[in-house]
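Reviewing the structure listed below.
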Amino acid sequence: IHNTYIPVSNVGHAVPSLSQENVKNQNGHYWHDPYLDPFSSYLYERPVDDMLKAQDAFEQKMTSIKQTYGAWNLTDDYHEYFQKYRPSIPFNQFDYRDAPREEFPPDAWQGEITYLNNFLTEAKALVSRVKEGIYAEYGYPTISADGKTKLAGQALKDRDELFRVILNDFKVDNSNGKAVKAGNLNEVLKGVAYLNQNAWDALVLKLLHAMMTGDEFYVVMVGDGVASGSGNNFLQSSVMVFHYLMEPIFNILNVQLISRNMATSVESSATIGAMGGADIFGEADIMIWNSVAQLEEERRDGKDNTLKYKGQYDLFNKQQIMSGEHVPILLTPVPGDIVHDSDGQAWVGNLQPGALMCDEMTDKEGKDMPSACRHVKCAPENKSFCQEFNSVCWEHRFDYSPSVDQNEKVENSDGDLSTNQHHLEGRKLSMLVLHALDAALDKWRGGIVEGGAPLAEQYWHVGEKYKQIEESIRMYGSRDDQKLSACEQLFQAYPIICHVAMHAATEWTPRVNPYKTSLRSLLRPDVVLNETWPNNAYTAPDVLPYQWKLQDDEIDVHAIAIATYAPAPKTNDYGNFYEDDYFDYEEDEPGSGDENGEGARNLLSEGSKKHPASSDRVVSESNKAHDLKSATRITKKTAITAGDGWMLYNPIAGFCDGSSQSFCNRDASNKCLLEGHNEGRAGILGDALSGWLILRLPNIKEGIILARFDTSAAPDRRRTSIPSDDFELDIAINNDIRTMSRKEFLDYEKGKVANNLPLWPLLFNQDRFKEESSDDEGETIEVAIRIRSSKGRAASILLTHIYYA
């Protein structure tokens, strides 16, 4: 299990976004088995007879679903006939997996016209029946449950309009992020999402490319506590609702879906993460920015602080495009100038806010409406009707009993979205992708009709489009007629951030590849960190809470998605998939070990290229204080010896990468073990007695290294603090030491570019790196910091992030 194969990208600047846990995918195997009821697993502490009865009921339900909706029914007799498997193509040998058409072996499935036609027919039927399941779930079935009525005429058009993707003739109301009619700004358009046309075309292209090549498809959400699913279990957050339904569909269509909820309760968490390019959030094909709190804060602040917010949005959007291999569709209510700054090439849109497919709640129970619409839409005077949560803290299981009493539910607050409101947002995202899959399959069939199989390259290659968009952002500002971007105005001291892919290491979670993106991974080998790492109390997948099991009269869209006519695998006894031997594996430190082996997607970053948009263009007179030569005093060059007093502060247990495969914060003291949220704010804590903390940063090309310190944390027995009269921070770059005074240190803290984001420059010396060639691997820089004060342990800081390029 530890030697799980992880694919390697041929693109140098791809970001490793898969860990062994993602590939192993225990939850996926547990959730999506079309023959074994997940609620009948032997992991439950329930009578065996009850489980067997539940399994019988599940089998009856699946039979009924096949009769009503149909099921996957594709076979390939190639192996039986030829006694060998179909040949495959090593897509990873080609940049962006864009294999030339002539490289496909003669019997590859992508080129076998009979099999391919059958595949496309079955895939279209799969997408159609899942969409039909969602229609029925919200009370709009094409055919009624009793079979007596069929939606037709205007009623069918109205239904389809509610669940459509809005593509043309719309404007976005900046006050609420809703798409409105271009000619009538008071008319809110019906639909689940809106995209500019080139974003829609790109989404179709991406999906077709992923199906052709068996690639991963990454869906990532960032934002605030509401987006994270606060008040609910992690698996009830909107992006996890999307994943639970869509993962088996993608799997059937030859794609591995990786969905991540990277939102946290920290203000400006999207900006704090975006400062690290894709190193923290990972690769993304769809990137969703969802921060209601930040939008409300911006409206309260008014016009005086407009730049503060626009600059953050601009930084976020640009880093998502420049960083990593996959250029994402940006679903955001705040696209800013990204379309303009990319010469019209950026792919933007958003989920349409609101719940037009649901009626308002008129009573607490909503008995007369579809269960999916209950507690979704409430008038202000009935706000409490939408404060209903179906969260669970523990489900009894035979192999582990908590050592502390478990709470009944996840704690919630007035601003949290109800469970069904998250469910609706997940369904909107699912419908957007299902519509795009439909279009991609049509494009595939049309392409092979026109040009044969395998599909011609112009229908599915993505590399050139990715490179054009990335370059448009890097080069913005190279012309004299181009104004300063909002990002450049916000980061006047470090404008290069707006033009190159940044990198990062942190101890905060969630983050992709949790060990390889940690600050600990950058420590010089002789640095000994004092750390006590909490252990997960148990390692097997969490069983689904029994109260989440749908009632017999509810539409089970997930069951529609997994239904198949393929025969069940032979087993010696029912349920052996869930026996201990499957889950029994040795657990290393969370996220450690050879997660990426030789095969992590992109072990070496190609780094960023040099661009005409230089810092000389954008540094104003008022920001020259950020020039390190004037802001600090240089001392002599000397050998740096590692200190032994730095410690890892506040780590959380488990694998916390924001994905559905995460198993996070299950330490024995947790009173809500099933909550599952990935948020953690760890760091490396040091004081004036700790000595030097030494890190080695790879591939430095642009000469920029920034740190984020937290001076407000309150660790047990050691409170971070800056003494009022006696504090200096020594900074060594490759043994060249300079000293930052207390005043200088605090000035940087006050000059934060966003809430919770002060930045301290450890290195900002672009001149030194300007002559390096663009394809150079960059330089490994050794960075060390040391606190000096007579106050000893009373002078301390917490290092949480390092950003560099």
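Here are the numbers for the structure shown:
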read-out	value
Matching residues, region 525-564, being open to solvent by 30 Å² or more (accessible area, probe 1.4 Å) and touching a Lys or Arg at 6+ places or on another chain (Cβ under 6 Å)	ALA537
Given (1) in contact with a Ser or Thr (Cβ under 6 Å, 6 or more places away or on another chain); (2) in contact (Cβ under 8 Å) with a residue 40 or more places away in the chain, index of the condition HIS326 fails	(1)
Filter result for the condition that a residue is open to solvent by less than 40 Å² (accessible area, probe 1.4 Å) and either part of a helix (DSSP H, G or I) or not aliphatic (A, V, I, L, M) (or both), over GLN154, GLN110	GLN110
SER485 vs. criteria farther than 17 Å from PRO100 by Cβ, of a type in the set (S, T, N, Q) and crowded, with 19+ Cβ neighbours inside 10 Å	yes
Single condition PHE389 does not satisfy, out of (1) touching a Phe, Trp or Tyr at 6+ places or on another chain (Cβ under 8 Å); (2) over 27 Å from VAL180 (Cα atoms); (3) open to solvent by less than 60 Å² (accessible area, probe 1.4 Å); (4) in a loop (DSSP other than H, G, I, E, B)	(1)
Residues of region 395-424 classified as buried (at least 20 other Cβ atoms within 10 Å of the Cβ) and among the aromatic types (Phe, Trp, Tyr), total	0
Filter result (assigned to a loop (DSSP other than H, G, I, E, B) and surrounded by 11 or more Cβ atoms within 10 Å (Cβ to Cβ)) within region 157-173	PHE163, ARG164, LEU167
Residue under evaluation PRO105, criteria (1) over 29 Å from the mean Cα position of the chain (by Cα); (2) assigned to a helix (DSSP H, G or I), criterion not met	(2)
Selection from region 510-524 of residues that are assigned to a loop (DSSP other than H, G, I, E, B) and either out of contact with any Lys or Arg (no Cβ under 9 Å at 6 or more places or on another chain) or under 11 Å from ILE802 (Cβ atoms) (or both)	ARG511, ASN513, PRO514, TYR515, LYS516, THR517, SER518
Any pair with Cβ under 6 angstrom, 6 or more apart, that starts in region 784-805 at a residue that is of a type outside the set (Gly, Ala, Ser) and ends at one that is outside any strand (DSSP E or B) and buried (at least 23 other Cβ atoms within 10 Å of the Cβ)	ILE787/ALA795; TYR803/MET275; TYR803/GLY276; TYR803/MET502
Residue selected from region 59-102 under the condition of a type in the set (Ser, Thr, Tyr) and part of a helix (DSSP H, G or I), by the criterion nearest to the chain's Cα centre (by Cα)	TYR96
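One line per residue, one yes/no per condition, for (1) of a type in the set (Asp, Glu); (2) surrounded by 23 or more Cβ atoms within 10 Å (Cβ to Cβ); (3) at pLDDT 95 or above:
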position: MET246; (1), (2), (3): no, yes, yes
position: LEU253; (1), (2), (3): no, no, yes
position: ALA263; (1), (2), (3): no, yes, yes
position: ILE272; (1), (2), (3): no, yes, yes
position: ASP279; (1), (2), (3): yes, yes, yes
position: GLY282; (1), (2), (3): no, yes, yes
position: ASN290; (1), (2), (3): no, yes, no
position: ASP301; (1), (2), (3): yes, no, no
position: LYS308; (1), (2), (3): no, no, no
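Here's the yes/no breakdown for (1) in contact (Cβ under 8 Å) with a residue 24 or more places away in the chain; (2) within 24 Å of PHE217 (Cα to Cα):
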| position | (1), (2) |
| --- | --- |
| ASP50 | no, no |
| GLN55 | yes, no |
| PHE58 | no, no |
| LYS61 | yes, no |
| TYR69 | yes, no |
| TRP72 | yes, yes |
| GLU80 | no, no |
| PHE94 | yes, yes |
| ASP98 | yes, yes |
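The values are calculated or read from the model by the stated rules, or taken from the named source; none is laboratory data. Computed from a predicted structure; not experimentally measured. We place every Cβ from the backbone using ideal geometry, glycine too, and count neighbours over all the protein chains shown. Note: areas computed on protein heavy atoms with side chains; ligands, DNA, RNA excluded. Shrake-Rupley method; radii C 1.70, N 1.55, O 1.52, S 1.80 Å.
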